[in-house]
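Student: Have a look at the structure that comes next, please.
The values are calculated or read from the model by the stated rules, or taken from the named source; none is laboratory data. All of these numbers come straight from a predicted model, not from anything done at the bench. Note that we place each Cβ from the backbone using ideal geometry, even for glycine, and neighbour counts take in every protein chain shown.
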Amino acid sequence: MKVTNLIVWAWISWIVLAQKLAESGEDVLIIERRKHIGWNCYDYYDENWILVHQYWPHIFHTNYEDVWKYVNKFTEFINYQHKVLWFIDWKFAPIPFNFESLYILISLEYAKEIEKTLLKYYSYNSRVSILELKEKAKEVWDNNLKFIANYVFEKIFKNYTIKQWWIKPEEIDLEVLKRVPILISKDWRYFQDKYQWMPKYWYTKMFETMLNNPRIKILLNTDYKEVINQIEYKKMFYTWPIDYFFNYKYWKLEYRKTLYKFEAVDKKEFQPVAVVNYPNDYEFTRITEFKHFYKNSPTYNIKKTVICKEYPWIWKIEAYPVLNEKNLTIFKKYKFEAKKLKNIYFIWRLAEYRYYNMDQAIKNVLDFFNSIYN
Ligand code: UDP
């Protein structure tokens, strides 16, 4: 079989690329190992017409104007501001840690003092990572700052990170912890991006619309290695883990794997917001209740809801690259090999061994497409 562009895996980046290539007149074959498109972004309506994200919760948020403009061509969106709570010492407090969390978790008088202290070192509305805050506390010898840095680290980051990654927070790439900053404000939103929306219908429908072009063919339920010898391609765009591509010649890269355990609950609502994190209690890291994404849905008021508990310690789905020194060293060797291949392109989280949000994945591909084809 002859094809101009062979795409391995129907993940969001490659769906965008397939759409752009087909729009510019080229033919595309996508080979997908799973039985559906969209990879971990896949969502569907269950028997009660509740929209469920099969893997983990996906909330669309971006500051990139071009990405926002692009996705709007394929779906309408509804406004959704993501709110997440922590379950700490039997209380619920907003995450990222902010002044609201401070007053819920710490006694009133001391919270007032801590607020003043934080504002002495940081301007209102700034964002600080937990490791930066700990460093600062050491540097300035301020007991209040030291207390809050330790409190947030111990209660919020330490056990969650060990649970999620099986390594200490100090050993993980700083970028991972920076994803959840400490907010020097009352801002309770999980993301601070300009655009925060959910597709009006569902992500999979948006992807189907993107792929709705006769120049695009999709082969589901197929590992590319089973058929690659029968395909003649001009360019290949690869997104399966890079170590698998090179038959693990430099050793296997580690990925954190997660089990998603779904439960149907006979209640209108299980928890106050879409996501609650459990840093210190239970074996799961967080519970998502999908209904909260679509409060205006006709099924919102029914006495049924679906929740999903995430267990990071069980083998199931390759979800996150483990960004520590050992893995990054192995990855560099694969990257060097990959660069030598002229007509094969590696992009995205598992191929690039990076931690990408959806909008970054789209942005990368839009920039990549413009650099190659314009
Ligand atoms: N994290 C934490 N406590 C939390 C939430 C996050 O320690 O309550 C740390 C943890 O190491 C996690 C990282 O911050 O892996 C990034 O969190 P995020 O919620 O962005 O992870 P994702 O949604 O990508 O799983």
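Student: Looking only at the stretch 220-234, count how many residues are outside any loop (DSSP other than H, G, I, E, B) and either touching a Leu at 6+ places or on another chain (Cβ under 7 Å) or farther than 23 Å from Leu341 by Cα (or both).
Tutor: Going through the stretch 220-234 one residue at a time, the tally reaches 1.
Student: Tell me, which strands (runs of 3 or more DSSP E) wholly within the stretch 256-325 include 3 or more residues that are at pLDDT 90 or above, more than 22 Å from the chain's Cα centre (by Cα) and not small (Gly, Ala, Ser)?
Tutor: Per the criteria, no element qualifies.
Student: May I ask you to say which residue of Leu131, Leu220 is in contact with an Asp or Glu (Cβ under 9 Å, 6 or more places away or on another chain) and within 14 Å of the ligand (Cβ to nearest atom)?
Tutor: Leu131
Student: Farther than 18 Å from Ala274 by Cβ, of a type outside the set (Val, Ile, Thr), surrounded by fewer than 20 Cβ atoms within 10 Å (Cβ to Cβ) and free of Cβ contacts under 8 Å to residues at least 12 places away in the same chain - does that describe any residue in the stretch 11-28?
Tutor: no
For (1) of a type in the set (Phe, Trp, Tyr); (2) in contact with a Ser or Thr (Cβ under 8 Å, 6 or more places away or on another chain); (3) at pLDDT below 95, each residue gets a yes or a no:
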{"position": "Thr75", "(1), (2), (3)": "no, yes, no"}
{"position": "Asn79", "(1), (2), (3)": "no, no, yes"}
{"position": "Ile88", "(1), (2), (3)": "no, no, no"}
{"position": "Asn98", "(1), (2), (3)": "no, yes, no"}
{"position": "Tyr103", "(1), (2), (3)": "yes, no, no"}
{"position": "Ser129", "(1), (2), (3)": "no, no, yes"}
{"position": "Lys146", "(1), (2), (3)": "no, no, no"}
{"position": "Asn150", "(1), (2), (3)": "no, no, no"}
{"position": "Ile156", "(1), (2), (3)": "no, no, yes"}
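Student: Restricting attention to the stretch 58-74, which residues are free of Cβ contacts under 8 Å to residues at least 12 places away in the same chain and either assigned to a loop (DSSP other than H, G, I, E, B) or touching a helix residue (DSSP H, G or I) at 6+ places or on another chain (Cβ under 7 Å) (or both)?
Tutor: Those that are free of Cβ contacts under 8 Å to residues at least 12 places away in the same chain and either assigned to a loop (DSSP other than H, G, I, E, B) or touching a helix residue (DSSP H, G or I) at 6+ places or on another chain (Cβ under 7 Å) (or both): Asn72, Lys73.
Student: Kindly indicate the residue of the stretch 70-86 that is crowded, with 19+ Cβ neighbours inside 10 Å and among the β-branched types (Val, Ile, Thr) and also farthest from the chain's Cα centre (by Cα) among those meeting that condition.
Tutor: So the residue we want is Thr75.
Student: Looking only at the stretch 227-252, count every residue that is among the aromatic types (Phe, Trp, Tyr) and under 23 Å from Ile37 (Cα atoms) and tell me the total.
Tutor: Of the residues in that region, 6 qualify.
Student: Which members of the stretch 75-117 meet the condition of being of a type in the set (A, V, I, L, M) and not in a helix (DSSP H, G or I)?
Tutor: Ile78, Val84, Leu85, Ile88, Ala93, Ile95, Ile106
Student: While we're looking at this one, here's another question. Report whether or not Leu145 is crowded, with 19+ Cβ neighbours inside 10 Å, under 15 Å from Lys186 (Cβ atoms), more than 13 Å from the ligand (Cβ to nearest atom) and free of Cβ contacts under 8 Å to residues at least 60 places away in the same chain.
Tutor: Criteria not met by Leu145.
Student: Restricting to the stretch 182-196, what's the tally of residues that are in contact with a Pro (Cβ under 9 Å, 6 or more places away or on another chain) and near the ligand (Cβ under 10 Å from one of its atoms)?
Tutor: Result for the stretch 182-196: 1.
Student: Before we move on, is Tyr64 within 30 Å of Val152 (Cβ to Cβ), surrounded by fewer than 19 Cβ atoms within 10 Å (Cβ to Cβ) and in contact with a Leu (Cβ under 9 Å, 6 or more places away or on another chain)?
Tutor: yes
Student: May I ask you to verify whether Val67 is under 20 Å from Thr239 (Cβ atoms) and over 22 Å from the mean Cα position of the chain (by Cα)?
Tutor: No; evaluated as a whole, the condition is false for this residue.
Residues checked against (1) within 24 Å of Lys2 (Cα to Cα); (2) more than 16 Å from the ligand (Cβ to nearest atom):
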position: Tyr238; (1), (2): yes, yes
position: Tyr278; (1), (2): no, no
position: Ile287; (1), (2): no, no
position: Tyr294; (1), (2): no, yes
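Student: Still on this structure, please answer the following. Before we move on, is Tyr238 in contact (Cβ under 8 Å) with a residue 60 or more places away in the chain, under 19 Å from Leu29 (Cα atoms) and touching a strand residue (DSSP E or B) at 6+ places or on another chain (Cβ under 8 Å)?
Tutor: Taking the combined requirement at face value, the residue satisfies it.
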